[in-house]
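Let me begin by presenting the structure, written as structure tokens, before commenting on it.
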Amino acid sequence: MPHPILRFAPSPNGHLHLGHAYSALYTHFWAGRLGGTFLLRLEDTDPTRCKPEFADAIMEDLHWLGLAWPEPVMVQSERFDIYAAAAQRLHAHDLLYPCFCSRTEVHEHAIGADPDGAPLYGGTCRHLSPSEIDERLGRGDPVQYRLRGAEARALAGPLSFTVAGPTPLDRPQIRYARPELWGDVIIQRKGTPTSYHLAVVVDDAAQGITHVTRGRDMEPSTDIHVLLQMLLGLAQPLYTFHRLILDAEGKKLSKSKGSPTLRSLRQDGWSAEAIRREVGFD
Ligand code: GLU
């Protein structure tokens, strides 16, 4: 059994709320129970939304909650060359194609919705001719790269992953992955050499993560992660999907809905102990 390594991997695009506190405390708790290591990773690949001041605030909030982790912290924006090299391996197998569609075009030609409810890409750019691609690249049109989903799935074969839950100690169950539900996912976003999906699998492997612990809402994306792990020859961790902290209306907390942040609760007089108790880790 390898040394257990678990991670909390927030995106510094806002301040942490109670849902993040729960996920971080959950991961830290289970790293301790398994006799393993708890790592922090900053997933700041989106330069338009992530800010260094949010990264600093996240680390301060987590320390305030009583969490500690080994330094240096892995910061994804410092690793673009590594993601580019991973994407290059997919390019070399002709598994990626350039897509010049705007959000509106993707929406207009969608063939349904992916498991996150986002428009499922209709494949507009899948069969662009080499001369058209050259012309548009030469013109400097913003480009993203998508996975050739059907070809990638054929190459990878049937895929499954192992889920233990509600805690990493529970009896593991095999789940079959259904990457076809995601269509031709974006692997390299406009202006960056990666997407969330590519960076997360590359980094989980680079850090030797043995147990991925994340919210239940993220379970569907595992379909894509195991496909990429297979294509890139990366080890597959064990997955545990924890409960979500909900608001008074039973909805998931979120930055976009303006859920109270740990800092605002702290300013209102909440102690770290009270926060820990509130989410069940006293
Ligand atoms: N960075 C992602 C987020 O903040 C989560 C990372 C993961 O667990 O894969 O939503």
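The values are calculated or read from the model by the stated rules, or taken from the named source; none is laboratory data. Because the structure is a prediction, the values reported are computed rather than measured. In this analysis, Cβ positions are derived from the backbone assuming ideal geometry, glycine residues included, and neighbour counts consider all displayed protein chains. Quick note on the areas: whole protein, heavy atoms, side chains included, nothing else; ligands and nucleic acids left out. Shrake-Rupley method; radii C 1.70, N 1.55, O 1.52, S 1.80 Å.
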Inset, instruction - Residue by residue through the stretch 130-172, note down the ones that are under 22 Å from the mean Cα position of the chain (by Cα) and β-branched (Val, Ile, Thr). - result: Val143, Thr162, Val163, Thr167
Inset, instruction - Among the residues of the stretch 11-48, count how many are farther than 15 Å from Ile209 by Cβ, assigned to a loop (DSSP other than H, G, I, E, B), within 11 Å of the ligand (Cβ to nearest atom) and open to solvent by 10 Å² or more (accessible area, probe 1.4 Å). - result: 5
Inset, instruction - Could you pull out the residue among Val226, Val185 that is within 16 Å of the ligand (Cβ to nearest atom), β-branched (Val, Ile, Thr) and touching a helix residue (DSSP H, G or I) at 6+ places or on another chain (Cβ under 6 Å)? - result: Val185
Legend entry - Meets criteria (touching an Asp or Glu at 6+ places or on another chain (Cβ under 7 Å) and of a type in the set (A, V, I, L, M, F, W, C)) for Met59: no
Inset, instruction - Would you be able to tell me the number of residues in the stretch 245-264 that are touching a Leu at 6+ places or on another chain (Cβ under 8 Å), part of a loop (DSSP other than H, G, I, E, B), within 19 Å of Asn13 (Cα to Cα) and open to solvent by 40 Å² or more (accessible area, probe 1.4 Å)? - result: 1
Legend entry - Qualifying residue in the stretch 79-102 (condition: surrounded by 13 or more Cβ atoms within 10 Å (Cβ to Cβ), of a type outside the set (D, E, K, R) and at positive phi): no
Legend entry - Failed item in (1) touching a strand residue (DSSP E or B) at 6+ places or on another chain (Cβ under 8 Å); (2) within 12 Å of the ligand (Cβ to nearest atom), with Leu262 passing the rest: (2)
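For residues in the stretch 1-10 being open to solvent by 30 Å² or more (accessible area, probe 1.4 Å) and out of contact with any strand residue (DSSP E or B) (no Cβ under 6 Å at 6 or more places or on another chain), which is farthest from the ligand (Cβ to nearest atom)?
Met1
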Inset, instruction - Output yes when any residue across the stretch 221-233 is among the acidic types (Asp, Glu) and under 22 Å from the mean Cα position of the chain (by Cα), and no when none is. - result: yes
Inset, instruction - Collect the residues in the stretch 265-282 that are surrounded by 12 or more Cβ atoms within 10 Å (Cβ to Cβ) and part of a loop (DSSP other than H, G, I, E, B), keeping them in residue-number order. - result: Trp270, Val279, Gly280, Phe281
